[in-house]
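Structure first, commentary second.
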Amino acid sequence: MTAANIAQIIAGVAVAFGVAALLLVILLTRRVSRLQADQQVVLGSRSTTKDIVSFARHLDGRLDDLRDELHTLSLEARDHEVRIDGCLSRVGVVRFDAYHDLGGRQSTVIGLLNANDNGVIITTVVSRDFARTYVKTIREGEPDIALAPEEEEALAQARARGNTPFTVRPRPTPSDRTAMEEAAATPVDTSTGTPRDLARENRRRRRQGLAPLGEDGREEVLGWPKLEPLEPLDERAFSPLEPETMEAGSPRESRAVKAGRADDDNPFADL
């Protein structure tokens, strides 16, 4: 076998390897393109990273933050639940006539209870000559002092009310509040001409004290007349008044002065 034949064999083998490598590159390219398409579906069009490993690491960190926030929120919810149970949320009111000389049921009993049947009973007794207020403490549904029939009725009304459901809203953090303010300050695109976008923009402008937009997208002119500048006031209008001497028994003399003079003239005023 000559050197030329050996070179031809080597060249043929190299061409075969080249063709196989080219086919392998084409197959790998198609597979990588398919993986990139699937990765784009997972990452989303708004993702800032193109690496799925970095995205998974970032997502894991977000999940840890979410767990921490959920734990904090559960603790705050328990705290709010304890506070709400201590609120005087059940109220009973009874109006009655304490005395026969006064009608209109002006005397009142107010019963205030929380979820643990702790609270107070406030009783106001009104008469023509006086008004008195009594306060009695309720501990676990039992009063510290014997209750009157009206007070027992107010306590029964408060117990029958039951607990009113409360809605606890989480307090926004400073970052969330800033984002909400920025979103509220961002103008809405009204070029589409839809009534919904126009209404949103007008609500935003009203919050900022701006004039609303009309259907044509221009600011509506309120048409208030321009205020003319006021003329300077005369200094004589604010000149101090000179004291006047009032004669005894004059119409401008006050009642207090007349009463004091009558006491001075009465020799039995000091008795």
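Each reported figure results from applying straightforward, stated rules to the coordinates on display, with no laboratory input. All values derive from a computational prediction rather than experimental measurement. Neighbour counts run over all protein chains shown; Cβ positions are idealised from the backbone, glycine included.
For L155, the shell of other residues with beta-carbons less than 14 Å away shows a net charge of -3, using +1 for Lys and Arg and -1 for Asp and Glu. Exposure proxy ranking for F96, F17, based on other Cβ atoms within 10 angstrom of each Cβ and starting from the fewest, stands as F17, F96.
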